[in-house]
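J.: After the structure tokens below, expect a handful of questions from me.
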Amino acid sequence: MSDETNPFESLQTQIDDAAAYLDVGDDVIERLKYPERVLEANLTIERDDGELERFTAFRSQFNGDRGPYKGGIRYHPQVSRDEVKALSGWMTYKTAIVDIPLGGGKGGIIIDPDDYSEAELERLTRSFAKELRPLIGEDRDVPAPDVNTGQREMNWIKDTYETLENTTEPGVITGKALDSGGSEGRVEATGRSTVLAAREAFDYLDKDLEGATVAVQGYGNAGWIAAKLIDEMGATVVAASDSSGGIYNADGFDPVAAKDYKNETGSIVGYEESEQKLTNEDVLTLDVDLLIPAALENAIDADLAKDVTADVISEAANGPLTPKADEVLEEKDVFVIPDILANAGGVTVSYFEWVQNRQRFYWSEERVNEELETVIVDAFDALVDTYEEHNLENPRTAAYVVAIQRVADAFSEAGSWP
Ligand code: GLU
């Protein structure tokens with residue numbers, strides 16, 4: 001795990017790599033490398049023991065040329081201004097590659113939520129929602145879940161916003177519980193796009209997914225759902241890890257039972273179907289057909305990339321490969337399905353949730369999954385067309401070429417504003 005790679009610099013490198021293939025002026029590219037604005041807020045809440053504690057929170061609105069800013073809010077000790085800026089940029093190009101009418105944003109609070117009670121987290125979330133209130137709204141900026149946040153936090157934010165605004169506006173936030181205006185299929189959506197994209201890549205590369213071996217790094221919402229769905233598609237999940245370590249079984253294990261075990265004990269390590277314990281790094285370098293990094297940024301740096309032996313990588317996490325790792329993997333002919341496509345299912349179903357909220361008309365899970373599949377397959381086809389057209393070595397660059405062009409077109413077509 002590399003600590004040195006600044007994710008905001010990684011984003012800018014990725015944009016520069018694609019800019020070489022684009023007919024977009026340097027001045028416009030410069031605009032597309034920085035957030036439009038970043039809110040930094042200090043939130044002071046009362047702990048359960050009566051003491052006050054201050055937390056730093058951010059919301060970066062990267063680009064709104066194609067629609068309202070869109071992106072999650074994470075609670076993690078590693079959150080920083082630059083991390084949030086990078087994540088908001090990745091959101092911009094993610095909504096563009098899947099061609100949904102939204103921009104990019106991201107938020108975060110520097111906190112380890114495990115150290116706080118539910119009541120404390122509710123006070124903190126409502127305090128952040130109060131700070132966000134002037135910036136968000138269904139036509140302005142629409143937050144969503146991310147690392148360590150979920151339906152519970154989204155429901156609190158919706159309630160705070162609606163109470164302060166004296167209105168009902170469920171589309172102000174996505175990833176809500178079903179009874180609070182959430183969408184069917186939203187929880188599974190990130191993992192679903194990761195495996196749909198992998199299926200398309202295997203097909204494109206003439207590889208068989210049936211019987212293919214898979215390793216999953218990170219067993220949170222994205223990772224475990226990806227493991228479950230890829231198993232249902234006939235692949236064999238042989239390894240998985242979480243923050244405590246990894247497990248391995250050459251014949252594969254039941255991903256759902258492993259998740260149940262994690263829910264009971266706090267970790268998948270020790271799960272009875274595991275033949276062997278692995279470290280996180282072992283899981284990332286295992287000789288498998290498909291690797292799914294589903295944890296945090298910078299999981300694979302250039303050094304570790306030298307030992308990666310998977311044929312295909314589908315990035316469920318945001319930014320799991322450093323740009324230097326990308327270079328190494330490109331030389332080794334590893335086909336990397338970039339995060340902005342592979343994990344775009346989350347924001348795509350958030351878009352469906354927002355559409356349903358605005359129409360006050362709700363879809364079946366079947367419809368959500370079908371529409372999601374169409375979006376991911378179309379985006380993969382657009383990536384491959386550009387990959388072949390420019391004879392690119394790296395599918396990530398192809399994704400950025402498509403996405404940046406779309407954002408630049410929306411910006412240019414809007415004309416200039418004095
Ligand atoms: N946090 C997710 C992501 O990184 C989902 C964002 C959303 O639904 O707006 O894509």
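The values are calculated or read from the model by the stated rules, or taken from the named source; none is laboratory data. What you see is a predicted model, and the numbers here were worked out from it, not measured in a lab. FYI the Cβ positions are ideal-geometry reconstructions off the backbone, even for glycines, and counts take in every protein chain you see. Only protein heavy atoms, including side chains, enter the accessible area calculation; ligands, DNA and RNA are left aside. Shrake-Rupley method; radii C 1.70, N 1.55, O 1.52, S 1.80 Å.
J.: What number of residues within segment 178-208 are buried (at least 22 other Cβ atoms within 10 Å of the Cβ) and on the phi > 0 side of the Ramachandran plot?
T.: Total meeting the criteria: 2.
J.: Does segment 130-139 contain any residue that is more than 14 Å from the ligand (Cβ to nearest atom), under 24 Å from Y219 (Cα atoms) and open to solvent by 20 Å² or more (accessible area, probe 1.4 Å)?
T.: No, that holds for no residue.
J.: Kindly list, by first and then second residue, each pair from a residue in segment 167-192 that is more than 21 Å from D141 (Cα to Cα) and away from the ligand (no atom under 14 Å from the Cβ) to a residue that is charged (D, E, K, R) and in a helix (DSSP H, G or I), limited to pairs with Cβ atoms under 6 Å and residues at least 6 apart or on different chains.
T.: Sorted first by the residue in segment 167-192, then by its partner, the pairs are E184/E365.
J.: Another question, if that's okay. Find the residue count for segment 254-283, including only residues that are of a type in the set (A, V, I, L, M), touching a helix residue (DSSP H, G or I) at 6+ places or on another chain (Cβ under 6 Å) and open to solvent by less than 30 Å² (accessible area, probe 1.4 Å).
T.: If we filter segment 254-283 for residues that are of a type in the set (A, V, I, L, M), which is where we start, we get 256-258, 268-269, 278, 283.
Right, trim to touching a helix residue (DSSP H, G or I) at 6+ places or on another chain (Cβ under 6 Å) and you get 256, 268.
Adding the requirement that they be open to solvent by less than 30 Å² (accessible area, probe 1.4 Å) leaves 268.
Residues flagged as of a type in the set (A, V, I, L, M), touching a helix residue (DSSP H, G or I) at 6+ places or on another chain (Cβ under 6 Å) and open to solvent by less than 30 Å² (accessible area, probe 1.4 Å) within segment 254-283 amount to 1.
J.: Read through the list (1) under 19 Å from the mean Cα position of the chain (by Cα); (2) in a helix (DSSP H, G or I); (3) more than 13 Å from the ligand (Cβ to nearest atom); (4) of a type in the set (D, E), then give the number of the only condition that E83 fails.
T.: (3) is the only condition that E83 fails.
J.: Just one of V349, V312, V336 is open to solvent by less than 10 Å² (accessible area, probe 1.4 Å), in contact with a Lys or Arg (Cβ under 8 Å, 6 or more places away or on another chain), among the aliphatic types (A, V, I, L, M) and within 8 Å of the ligand (Cβ to nearest atom); which is it? Can you show your working first?
T.: Values: V312 fails: within 8 Å of the ligand (Cβ to nearest atom); V336 fails: within 8 Å of the ligand (Cβ to nearest atom).
Criteria check complete, one pass: V349.
J.: Which condition does S241 not pass, out of (1) in contact (Cβ under 8 Å) with a residue 40 or more places away in the chain; (2) under 19 Å from V312 (Cβ atoms); (3) open to solvent by 10 Å² or more (accessible area, probe 1.4 Å); (4) among the polar types (S, T, N, Q), if it passes all the others?
T.: It is condition (3) that S241 fails.
J.: Being within 12 Å of the ligand (Cβ to nearest atom), at positive phi and not in a loop (DSSP other than H, G, I, E, B): is that true of G89 here? Can you show your working first?
T.: Values: within 12 Å of the ligand (Cβ to nearest atom): yes; at positive phi: no; not in a loop (DSSP other than H, G, I, E, B): yes.
Considered against the rule, which asks whether it is within 12 Å of the ligand (Cβ to nearest atom), at positive phi and not in a loop (DSSP other than H, G, I, E, B), G89 comes out as no.
J.: Then there's this: Does Y219 satisfy being modelled with pLDDT of 95 or more, more than 16 Å from the ligand (Cβ to nearest atom) and surrounded by 24 or more Cβ atoms within 10 Å (Cβ to Cβ)? Steps first, please.
T.: Working: modelled with pLDDT of 95 or more: yes; more than 16 Å from the ligand (Cβ to nearest atom): yes; surrounded by 24 or more Cβ atoms within 10 Å (Cβ to Cβ): yes.
Yes; evaluated as a whole, the condition is true for this residue.
J.: Does A20 qualify as being away from the ligand (no atom under 13 Å from the Cβ), aliphatic (A, V, I, L, M) and open to solvent by 60 Å² or more (accessible area, probe 1.4 Å)?
T.: Working: away from the ligand (no atom under 13 Å from the Cβ): yes; aliphatic (A, V, I, L, M): yes; open to solvent by 60 Å² or more (accessible area, probe 1.4 Å): yes.
When the stated conditions are applied, A20 passes them.
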